[in-house]
1. Of all residues being under 18 Å from M110 (Cβ atoms) and touching a residue at least 40 places away in the same chain (Cβ under 8 Å) in region 253-269, which is farthest from the chain's Cα centre (by Cα)? Just the residue, please.
2. Can you tell me which residues in region 1-15 are assigned to a loop (DSSP other than H, G, I, E, B), more than 13 Å from P194 (Cβ to Cβ) and open to solvent by 10 Å² or more (accessible area, probe 1.4 Å)?
3. Taking region 155-176, which residues are in contact with a helix residue (DSSP H, G or I) (Cβ under 8 Å, 6 or more places away or on another chain) and of a type in the set (A, V, I, L, M)?
4. Being open to solvent by 10 Å² or more (accessible area, probe 1.4 Å) and in contact with a Cys (Cβ under 6 Å, 6 or more places away or on another chain) is true for just one of C99, C152. Which residue is that?
5. Within region 110-125, is there a residue that is in a strand (DSSP E or B), open to solvent by 20 Å² or more (accessible area, probe 1.4 Å) and modelled with pLDDT under 95?
6. Hey, among G31, G106, which residue is touching a Gly at 6+ places or on another chain (Cβ under 8 Å), assigned to a strand (DSSP E or B), under 24 Å from R198 (Cβ atoms) and not charged (D, E, K, R)?
7. Within the group R79, R87, which residue is in a loop (DSSP other than H, G, I, E, B) and within 21 Å of T140 (Cβ to Cβ)?
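The values are calculated or read from the model by the stated rules, or taken from the named source; none is laboratory data. Since this is a predicted model, take the numbers as computed values, not measurements. Neighbour counts run over all protein chains shown; Cβ positions are idealised from the backbone, glycine included. Calculation scope for accessible area: heavy atoms of the full protein, side chains included, ligands and nucleic acids excluded. Shrake-Rupley method; radii C 1.70, N 1.55, O 1.52, S 1.80 Å.
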Amino acid sequence: MRIHIISDIEGVAGIVKWAQTGGDQTLYHEGRKLYTEEINAAVRGAKAAGAKEIVVMDCHGAGGDYEFNSLLPDLLDPRCEFVVQSRWTEYTAFLEEGCDAALFVGMHAMAGTPDGVLSHTVSSQAWQRLTFNGTLVGETGINAALCGRWGCPVLLVTGDRAVCGEARALLGSGLTTVEVKVGLGRFSARQKAPQLARELIEAGAKQALKDLSAVRPYDPGRPCEIEIEFTTPDRLVEYRNRRGVEQTGALTLASKADDWWTAWSQFYF
């Protein structure tokens, strides 16, 4: 099996504050260790399930030199390879070559989720609502659509209770989820101890890979319209003049194309 592990930091056990997710400071570097060890747990589970090749893609935009570069290489399980990309959703080579399944680790809920720990969609300040053909999605949906573009199903999502529910609603009951914390608000949670969270993730990854057909690859539909609602009018200036993108309201832009990947690319890149 060829397995793609796609990861984010906000859904990791022990992470509840923005200071743990970026900036060259103590809390962030502690968060990086928690993050890397949850990835290792998924690698162990995947290997136990028979994975022959595992590629980890860090999808956490930490900013600066740490942008998509939050993993601690020296601590990574040597049985995986890892990607440092310069822009989110930029790296697709492993998917294009053909992957049997994707495992999502450390996911967070979409913007506006009251009990979602550090909930946001793409930008914690600029984006407040994202839909694919009218379906409300968060970053789990974006990553799932990316995988689905090349026929790769998502079989595991780990994170807080809110994102686990969000993922099941989008991808179906066949999805394996691992809940490592329950949000008490956006910046607080009741959490599993990191060691237990890792044990659960390892077991979840192994279980999820027993049935590669449990979840169908996610396709938002064809043709596809992506609509983004921003928090303030100035936030959409960066995107509104791109080819294929039109302003549909004071705070909204839409990108339309024959398929999701084209609609996403013409808006985001």
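1. F267
2. M1 - this is the single residue of region 1-15 that is assigned to a loop (DSSP other than H, G, I, E, B), more than 13 Å from P194 (Cβ to Cβ) and open to solvent by 10 Å² or more (accessible area, probe 1.4 Å).
3. Passing the criteria: L155, L156, V157, V163, A167, L170, L171, L175.
4. Testing whether each residue is open to solvent by 10 Å² or more (accessible area, probe 1.4 Å) and in contact with a Cys (Cβ under 6 Å, 6 or more places away or on another chain) leaves just C99.
5. Yes.
6. Among G31, G106, only G106 is touching a Gly at 6+ places or on another chain (Cβ under 8 Å), assigned to a strand (DSSP E or B), under 24 Å from R198 (Cβ atoms) and not charged (D, E, K, R).
7. Among R79, R87, only R87 is in a loop (DSSP other than H, G, I, E, B) and within 21 Å of T140 (Cβ to Cβ).
Residue by residue, here is whether (1) more than 22 Å from the chain's Cα centre (by Cα); (2) modelled with pLDDT under 95 holds:
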residue: R198; (1), (2): no, no
residue: L209; (1), (2): no, no
residue: C224; (1), (2): no, no
residue: R242; (1), (2): yes, yes
residue: L251; (1), (2): yes, no
